[in-house]
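Reviewing the structure listed below.
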Amino acid sequence: MVNKKRKAFWLKQLHQWHWITSALCLISLLLFSITGITLNHASAISADPTIREQEASLPAPLLEALSLHQEGPLPVPVRDWLDQEMQIRTGDKTAEWSAGEVYLALPRPGGDAWLAIDLDDGSVLAEQTDRGWIAFFNDLHKGRHTGIAWSWFIDIFAVASLLFSLTGLGLMMLHAKRRPATWPVTLAGLVLPWLLIVVFMH
């Protein structure tokens, strides 16, 4: 009786956590599975990047403020002007300062961007490259240039996926007596990747 009650308790708990983690992971698991395929066949998926160039002239007061700054991120008024006039958001990223120029790299998922400001005449040159939606989702998969919030999301998703797998394992253990193929199939899932590594990888 005690064993039956204990089994019923664990069945209830494992089912509860299994469906919760599966619900949490569903969309993200689909996203990471699909992008896993696109990443594996990246060379076969062609994409024509779109390049957009912009030129502008920084107002004299902002150029003066920039000339006095000379280190770290761009001054807030300059950032605001770039956002309003050129639709470029630089945030608080650290710029590269030299004697006559400020350069700022602005990589992002699915593309790249940069801008340069001439400290002598205030001319602004910017370039934005967009490699398309597939590249965007591939970069999300890799966590490339995605920021701290997405990095935390990937970690939380990984923990939820781990719980999903472990609760699935627990459920298999509880139902294994009625399903003789449970452990042979599980063993095959463990052995197959190692066989591929040993036999086919150099």
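Taken together, the values in this text are just the output of simple stated rules run on the coordinates, not laboratory data. In this text the structure is predicted, and so the values were computed from the model without any measurement. All Cβ positions, even for glycine, are placed from backbone atoms using ideal geometry, and neighbour counts span all protein chains on display.
Between ILE34 and ALA149, the FRET efficiency estimated from the beta carbon spacing at R0 = 22 angstrom works out to 0.50. Summarising the label geometry, the points placed 7 Å from Cα in the beta-carbon direction at MET86 and ILE45 lie 3.1 nm from one another.
Across the chain, C-alpha contacts under 8 Å between residues 6 or more apart give a mean separation that, scaled by the residue count, equals a relative contact order of 24 percent. With R₀ set to 22 Å, the beta-carbon distance separating ALA99 from LEU125 gives a calculated FRET efficiency near 0.80. Taking a ≥ b ≥ c as the square roots of the Cα gyration tensor eigenvalues, with a/c under 1.5 meaning rounded and otherwise prolate when a/b beats b/c, else oblate, which class fits the range 50-131? Prolate is the answer for the range 50-131, as a/c is 1.5 or above and a/b outweighs b/c. Here LYS142 is the anchor, and the lysines within straight C-alpha reach of less than 28 Å, apart from those fewer than 8 places off in the same chain, are LYS93. Enter the angle in degrees (range 0 to 90, nearest 10) between the Cα long axis of helix 147-175 and the first principal axis of the Cα atoms of the chain, meaning the one along which they spread out most. For 147-175 against the chain, the angle is about 10 degrees.
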